[in-house]
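Okay, so here's the structure we're looking at.
Computed from the coordinates by the stated procedures, all read-outs in this text should not be read as laboratory data. The structure presented is a predicted model; accordingly, all values stated were derived computationally and were not measured. In this analysis, Cβ positions are derived from the backbone assuming ideal geometry, glycine residues included, and neighbour counts consider all displayed protein chains.
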Amino acid sequence: MSESFSDNVSIDWYRTPIDRERLDTLMRRNDLRGWLQTLAHLGLFFATGALAYVAYLNLSWSNWHWSMPMLIVALFAHGTMGPFMGLIAIHELQHRTVFATRALNHFFEKVYAFISWSDYIWYQESHPRHHRATCHVAHDGEVVLPVKFSLTRWETWLSLCAWNPKQTWARLKMVWRHANGRIDGDWYNYVIPASNGALRARHRRWARTLLLGHGLLVVLFVATGNWFLIVVFTFGTFYCGWLGFLCGTPQHFGLNANEPDFRLNTRTFTCAWLPAFYYWNMQYHLEHHMYPAVPFYNLPKLRADIAHDLPLATHGLMATWREMLDIRAKQIADPCYRFVPQIPNLPITST
């Protein structure tokens, strides 16, 4: 077990007070809402995949001037769903708040994890710790501040706008290592320790399930002459990650470590309905951390109830990223710069 982290967490978190009866109402799960989101979400992924496959079937030299752009647009639309088919959807299902029927959360968690090649076993162990000790360096290895990214490397843009084979190969190698019982990284080894043989065995079996399951599908696709389904399904979550990057990066970017107040380490922004649908309403990330038992479909209502005690939320990805890039520029120019959101009744300014 890594000595870099500790489960001895004692943080007196500040949460905006809310009426208990109202909170109980907001925490109620609803199977119908869960079915509507999950079937629409999965349906859009398979619909864009079908569109890409039809575009491929219509591709020929005689009509390349319209069939090739159609294929590119279809793949771009399909790939845009990719990041949201992984830990974003799995995140909500692991909180067991999507469906009132617990077994449905478990089932769709595995469906999404298989489609996206996601390590949901690791995430089951990591994410509760992230919630208990959000951005506290001694306890949370899932989100380590400062969050860093590069917008100048060509590989970044290749991953965001098209397909990065190097990144795909790294993902497959990681699954292969896990299938053979090899785990790298301090946080990985901390949440899935070698001392826990049963957990390690589950983790190993899931990696083998991914390799065997997708391998058999690849053989089936090739044998039936439908090899392009490898692009659409097998690697359908591995390209065009631009929207997932834009939505996911703001969660804790530029904010503060080791603070017992989610308002200082977690960001909420608001956006149009389509990215909100893709993102399972996780743009309300501050509210989610304060009250993680509230289903994603009730987070806008929770926001309305407690907004008086929260920092103002930027509206739209453009405004959100404008704020983030401004923080980033100031932090690069002055490593001591600290951004503190303007919180009602807490008159602290950026330093």
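Things worth noting here:
- Residue-by-residue Karplus 3J(HN,Hα) for the range 180-197, coefficients 6.51, -1.76, 1.60, Hz, glycine and proline x: 9, x, 9, 10, 10, x, 4, 5, 4, 6, 6, 7, 10, x, 4, 6, 9, x
- Spatially proximal aspartates and glutamates relative to residue 173 (Cα-Cα < 19 Å; intrachain offsets below 8 disregarded): 119, 155, 184, 186
- 0 to 90° range, to nearest 10: angle between helix 31-57 axis and the chain longest Cα axis: 40 degrees
- Rounded to the nearest 20 debye, the dipole magnitude of the chain is 760 debye, with +1 charges on Lys and Arg beta carbons, -1 on Asp and Glu beta carbons, and the Cα centre as origin.
- Furthest towards positive pole of dipole, 120, 133, 43, structure part the range 1-147, Cβ charges: 43
- Cα-based helix-to-principal-axis angle, 317-333 vs the chain, degrees rounded to 10: 70 degrees
- Backbone geometry of the range 5-21 corresponds, through the Karplus equation with coefficients 6.51, -1.76 and 1.60 at θ = phi - 60°, to 3J(HN,Hα) couplings of 10, 9, 8, 7, 9, 9, 10, 8, 5, 8, 10, 4, x, 8, 4, 4, 5 Hz, x marking Gly and Pro.
- Computed E for residue 329/residue 68 - FRET, C-beta separation, R0 35 angstrom, nearest 0.05: 0.35
- Gaussian network model of the chain, springs between alpha carbon atoms under 10 Å - residue of 284, 239, 14 with greatest fluctuation: 14
- Charge tally for residue 161 (other residues, Cβ to Cβ under 14 Å; Lys, Arg +1; Asp, Glu -1): 0.
- Each Cα pair under 8 Å and six or more residues apart adds its separation to the average, and for the range 40-125 the resulting relative contact order is 22 percent.
- Relative contact order, whole percent, for the chain stands at 23, derived from Cα pairs under 8 Å and 6 or more residues apart.
- Of 112, 291, 337, the one that fluctuates the most in a GNM where the chain has Cα springs shorter than 10 Å: 337
- Between the range 278-351 and the range 1-51, the alpha-carbon centres lie 17 Å apart.
- Close amide-amide hydrogen proximity is noted between residue 340 and 350, 351, each under 5 Å apart and 5 or more residues distant or on a separate chain (H modeled in the peptide plane; Pro and chain starts excluded).
- Straight-line cross-link reach from residue 148 at under 17 Å between alpha-carbon atoms covers these aspartates and glutamates, not counting any fewer than eight positions away in the same chain: 140, 323, 326, 334.
- The angle between the Cα long axis of helix 102-116 and the longest principal axis of the Cα atoms of the chain comes to about 60 degrees, rounded to the nearest 10.
- Residue of 207, 304, 100 that the Gaussian network model of the chain assigns the largest fluctuation, springs spanning Cα pairs under 10 Å: 304
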